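The values are calculated or read from the model by the stated rules, or taken from the named source; none is laboratory data. Since we're looking at a predicted model, the values are computed, not measured. Positions of Cβ are backbone-derived with ideal geometry, glycine not excepted, and every protein chain shown enters the neighbour counts.
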């Protein structure tokens, strides 16, 4: 057996040996040349040091990669049975669709991250797979454990999976499989799915005041809820009458102004008396909204941050709306609570319901 050959060398390294004490009376012989000292250093010592440097560098790179995260919306069930998004920092990965579904499994990787008052929607032990087809459909495939949810949670499961996956721009809708077999109804209560399910079917469904469901449409609005000190927005899909179809933006704002159902645990973001003063307009993906003075709070005539977010979230749920321009009747400018002018159109908040840290 041949042993690895190692070369050894002697390096001559000069060291300056001279007195160096502050305040010392003995400066020594400063005129004498410095003594030269030689020290033997084996090449293997350099090799070990180099290997340590490489290992340290590799470890730093690995740590950086492991610490790289992205923000994702995961739709969970709150203590009132409502489906609501919470934004989490997840490790960056190429398989974002599968990762998102895996974080909806109770007892899965989300276990230590779920905020108080919330729970994951998929039964423990559920295994998931998902692929994106050429039509923008996220084709999900669940293990048989998927069937183990409670019957009353069926709508929540369907909505949470759909809204979590359709947060990604290239995902239009979702199809459901169990062990590779297509599901056109949910497995417990038989809720219809069809070939695919999308956001068009709504979330946290509320029939509102519409009596004729056949002559109706729907809009999704955002109300507030609270668990402890944590306030968060809850999307609610409400039916609107057929004659409101021509201006869905006005219809959505009117439903937002009307507020949540009295029997819900949700809260309105507006003061009483808030209304639209003029019809809304949409030009070049910017919605112009005109409210009366009820939109302004008592704090220097400003608009609350909660109202701004709810308006932006609600308006941008509509196709063709990317930004919102707010106008208030009789006001030359609209102010935020911090006193700054709202001189730029509002975009949809980048983070919806950022999950509070449990650390």
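Within region 101-109, not a single residue is crowded, with 17+ Cβ neighbours inside 10 Å, at pLDDT below 95 and within 13 Å of residue 75 (Cα to Cα).
Just to check your reading of the model, which residue among 272, 278 is at pLDDT 95 or above, over 27 Å from the mean Cα position of the chain (by Cα), surrounded by fewer than 16 Cβ atoms within 10 Å (Cβ to Cβ) and over 23 Å from residue 353 (Cβ atoms)? Of the residues listed, the single one that is at pLDDT 95 or above, over 27 Å from the mean Cα position of the chain (by Cα), surrounded by fewer than 16 Cβ atoms within 10 Å (Cβ to Cβ) and over 23 Å from residue 353 (Cβ atoms) is 278.
Applying the criterion of being modelled with pLDDT of 90 or more and loosely packed, with under 14 Cβ neighbours inside 10 Å to the residues of region 341-359, the residue that is nearest to the chain's Cα centre (by Cα) is 347. Identify all residues within region 277-295 that are assigned to a loop (DSSP other than H, G, I, E, B) and touching a strand residue (DSSP E or B) at 6+ places or on another chain (Cβ under 6 Å); write none if there are none. Scanning region 277-295 gives a single hit, 292. What are the residues in region 303-340 that are over 24 Å from residue 235 (Cβ atoms) and either within 22 Å of the chain's Cα centre (by Cα) or not in a strand (DSSP E or B) (or both), if any? Across region 303-340, the qualifying residues are 329, 330, 331, 332, 333, 334, 338, 339, 340. Output yes when any residue across region 315-323 is over 22 Å from residue 218 (Cβ atoms) and touching a strand residue (DSSP E or B) at 6+ places or on another chain (Cβ under 9 Å), and no when none is. Scanning region 315-323, I find at least one residue that is over 22 Å from residue 218 (Cβ atoms) and touching a strand residue (DSSP E or B) at 6+ places or on another chain (Cβ under 9 Å), so the answer is yes.
Against the definition (surrounded by 17 or more Cβ atoms within 10 Å (Cβ to Cβ), at pLDDT below 95, under 25 Å from residue 356 (Cα atoms) and in the same structural domain as residue 341 (by TED's automatic domain parsing)), how does residue 264 come out, yes or no? Spelling it out, it is not the case that residue 264 is surrounded by 17 or more Cβ atoms within 10 Å (Cβ to Cβ), at pLDDT below 95, under 25 Å from residue 356 (Cα atoms) and in the same structural domain as residue 341 (by TED's automatic domain parsing). Restricted to region 158-276, the set of strands (runs of 3 or more DSSP E) holding at least 3 residues that are in contact with a strand residue (DSSP E or B) (Cβ under 6 Å, 6 or more places away or on another chain) comprises 173-178, 216-227, 230-241.
I'm checking my understanding of the structure. Among residues of region 72-93 that are assigned to a loop (DSSP other than H, G, I, E, B) and under 21 Å from residue 350 (Cα atoms), which one is farthest from the chain's Cα centre (by Cα)?
Going through region 72-93, the residues assigned to a loop (DSSP other than H, G, I, E, B) turn out to be 79-82, 92-93.
Cutting the leftovers down to under 21 Å from residue 350 (Cα atoms) gives us 92-93.
Values: 92: 13, 93: 15 Å.
Checked region 72-93; the qualifying residue farthest from the chain's Cα centre (by Cα) is 93.
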